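Report on the following structure.
The values are calculated or read from the model by the stated rules, or taken from the named source; none is laboratory data. Bear in mind that the values here come from a model prediction, so they are computed numbers and not experimental data. Cβ placement follows ideal geometry from the backbone for every residue including glycine, while neighbour counts extend to all protein chains displayed. Note: accessible area is taken over every heavy atom of the protein model, side chains too, but ligands, DNA and RNA are not part of it. Shrake-Rupley method; radii C 1.70, N 1.55, O 1.52, S 1.80 Å.
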Amino acid sequence: MAQVVAVIASTHHPFYYRATTATGEDRPPFADEWARKILAFRETLTRARPDVLVMVGSDHFHQLWLDNMPQFLVGKAPFYDANWYNEEREFGLPRMLLRGQEDLSAHVLRAGLDAGFDLAFSNELRIDHSITCPIITLRPEADLPIVPIYTNIFAPPLPQPKRFVQLGAAIREIVESWPSHLRVAVIGTGHLSLELGGPRQFGPQGPDPEFDRRAVEWIANGDLDGCLSEVTLDSLHAPGNATHGFMDFMLMMGVAGAGAKADHVDTLDLFHTMEAYFTWYPNGAPA
Amino acid sequence: MSRYLVDKFLYTVDRDPELVERYRTDPHATVAWWEAERANAVLNCTTGEASTWLRFTDEERDALASHDHVRLFALGAHPFLTLTLFIAMFERDHDEPMAYQKQYGLRLAHFSLPYPDIAT
């Protein structure tokens, strides 16, 4: 059976690419430290020697729209074009083309449906920065085939937080039941406290540093009980109006497993948001 | 209330570079044209199949036609859609990085939790 060789959870800051490729006067003062942290984070994936990447993210009203909005969707295609005109325009993100791993997509869909998750699917999916940002940070060669999984953290009504955790746990089991010799890393991105288009946006820090501190503790310690006892769809409005993206971190805690302490934990306090990076090695840290 | 249609306007204009410029330079005419010609298009149909019932309220139409992002927030337009499109239209008018984004937030400073509902 396939092995889950790394579980990785991260924020997806669309400005990373532009900040760290800028030079001279255009290079922001925090770019060097940011790039150093990302290089250390990247190494945690490289060391696991993955063959396939399951990528959990959330479409930002690019291909998925309110006339037909899935809660959880799995891509099943041989290729995925990536990044959109408005991401090029606002963030300077490059167009990309990623290969798909269709056998694993088919397995995730069949096993997920059989496990009680009514997953939507897409045979032609153009992915956005929720998935390309971690490709850029963690695997810039973009040379590994992927299985994209999109969650709705964006367009209410949203699934409950516990459903994200349950889906994460199911993804772990499903990947480990895939009849394959391949090494799989599951990578997901979300947000800590975040405000977009509201009064608390683009401050000197994230909108709720205290929430961020507690969230990092929950994730780093795999404290699903603590997290689930405090986080509700209503409570997530308080730290910032886009904080429902934290549920993708909860999904990744489900993949890592209750009580699983992360092997790599790092954060970076930036304007507008705190960045956070976590890696778990389910079978022990690679040599 | 037609919150969905306001979001549909923001979404379809934002993804079309030519419409972004039209909306920036001539918002009243662009909103009127869009409501007459585009509001009822079923976006996933390539053959021009359309709905028959979608229209703005007077307040929504006026908020869009006056580029009033504060009123759009109050009406429950999706904040990500409004922000993204307004950055595309107006960030260029500011010299300092993030100056427009900060000003945009300040103009919303009188809102406190709970923010207006954005469910559609």
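Hey, does the range A:68-87 have a residue that's over 30 Å from B:L10 (Cβ atoms) and assigned to a helix (DSSP H, G or I)? There is no residue in the range A:68-87 that is over 30 Å from B:L10 (Cβ atoms) and assigned to a helix (DSSP H, G or I). If you check B:L72 against the conditions, is it outside any loop (DSSP other than H, G, I, E, B) and within 12 Å of chain A (Cβ to nearest Cβ)? The answer is yes for B:L72.
Looking at the range A:13-43, which of its residues are open to solvent by less than 10 Å² (accessible area, probe 1.4 Å) and within 30 Å of A:G259 (Cα to Cα)? A:W34, A:I38, A:F41, listed by residue number. Residues that are more than 21 Å from A:F154 (Cβ to Cβ) and modelled with pLDDT of 95 or more: does the range B:8-15 have at least one? Scanning the range B:8-15, I find no residue that is more than 21 Å from A:F154 (Cβ to Cβ) and modelled with pLDDT of 95 or more, so the answer is no.
Would you mind stating whether A:G226 is in contact with a Lys or Arg (Cβ under 9 Å, 6 or more places away or on another chain) and not in a loop (DSSP other than H, G, I, E, B)?
It is true that A:G226 is in contact with a Lys or Arg (Cβ under 9 Å, 6 or more places away or on another chain) and not in a loop (DSSP other than H, G, I, E, B).
Residue count for the range B:13-60 under the criterion of being part of a loop (DSSP other than H, G, I, E, B), under 22 Å from A:H62 (Cα atoms) and without any contact (Cβ under 8 Å) to a residue 12 or more places away in the chain: the result is 10. Going by the conditions given, is B:A74 buried (at least 17 other Cβ atoms within 10 Å of the Cβ) and among the aliphatic types (A, V, I, L, M)? When the stated conditions are applied, B:A74 does not pass them. So, A:M252, is that one hydrophobic (A, V, I, L, M, F, W, C), within 14 Å of the chain's Cα centre (by Cα) and open to solvent by less than 40 Å² (accessible area, probe 1.4 Å) or not? Yes, satisfied.
Which one is most open to solvent (accessible area, probe 1.4 Å), of the residues in the range B:77-120 that are at the interface with chain A (Cβ under 7 Å from one of its Cβ atoms) and of a type in the set (S, T, N, Q)? Here the residue is B:T120.
Of all the listed residues (A:R163, A:R183), the sole one being open to solvent by 10 Å² or more (accessible area, probe 1.4 Å) and in contact with a Lys or Arg (Cβ under 9 Å, 6 or more places away or on another chain) is A:R183. When the residues of the range A:135-172 are narrowed to those that are aliphatic (A, V, I, L, M) and part of a helix (DSSP H, G or I), which ends up nearest to the other protein chains (Cβ to nearest Cβ)? Filtering the range A:135-172 for residues that are aliphatic (A, V, I, L, M) and part of a helix (DSSP H, G or I), the one nearest to the other protein chains (Cβ to nearest Cβ) comes out as A:I136. Evaluated against (1) of a type in the set (K, R); (2) more than 19 Å from A:R18 (Cβ to Cβ); (3) not in a strand (DSSP E or B), A:R99 falls short on exactly one condition, (3). For the range A:15-63, filtering for residues that are modelled with pLDDT under 95 and under 28 Å from A:G254 (Cβ atoms) leaves 0. The set of residues from the range A:65-105 being within 14 Å of another protein chain (Cβ to nearest Cβ) and of a type in the set (D, E, K, R) comprises A:D67, A:E87, A:E88, A:R89, A:E90.
Checking each residue in the range A:269-284 for being surrounded by fewer than 18 Cβ atoms within 10 Å (Cβ to Cβ) and touching a residue at least 60 places away in the same chain (Cβ under 8 Å) picks out A:D269, A:F271, A:N283.
Say we look at the range A:1-12 and pick out the residues that are part of a strand (DSSP E or B) and either touching a Pro at 6+ places or on another chain (Cβ under 8 Å) or over 18 Å from A:G245 (Cα atoms) (or both); which of these is most open to solvent (accessible area, probe 1.4 Å)? Result: A:Q3. Give the range A:190-214 a look and list any residue that's among the aromatic types (F, W, Y) and either out of contact with any Leu (no Cβ under 9 Å at 6 or more places or on another chain) or within 13 Å of chain B (Cβ to nearest Cβ) (or both), or say none. Across the range A:190-214, the qualifying residue is only A:F202.
If a residue must be surrounded by fewer than 24 Cβ atoms within 10 Å (Cβ to Cβ) and part of a helix (DSSP H, G or I), how many such residues does the range A:114-134 contain? Full working, then the answer.
Residues of the range A:114-134 that are surrounded by fewer than 24 Cβ atoms within 10 Å (Cβ to Cβ), as a first pass: A:114-124, A:126.
With the extra rule that they be part of a helix (DSSP H, G or I), the set shrinks to A:114.
Adding up the residues that qualify gives 1.
Condition first: among the small types (G, A, S), within 21 Å of A:M274 (Cα to Cα), outside any loop (DSSP other than H, G, I, E, B) and open to solvent by less than 60 Å² (accessible area, probe 1.4 Å). Can you find one or more residues in the range A:192-211 that meet it? No, the range A:192-211 has no match at all. Residues of the range A:13-31 that are in contact with a Pro (Cβ under 9 Å, 6 or more places away or on another chain), farther than 15 Å from A:P140 by Cβ and in contact (Cβ under 8 Å) with a residue 40 or more places away in the chain: A:F15 alone. Checked against the criterion of being open to solvent by less than 30 Å² (accessible area, probe 1.4 Å) and farther than 24 Å from A:H12 by Cβ, the candidates A:A111, A:A106 yield just one match: A:A111.
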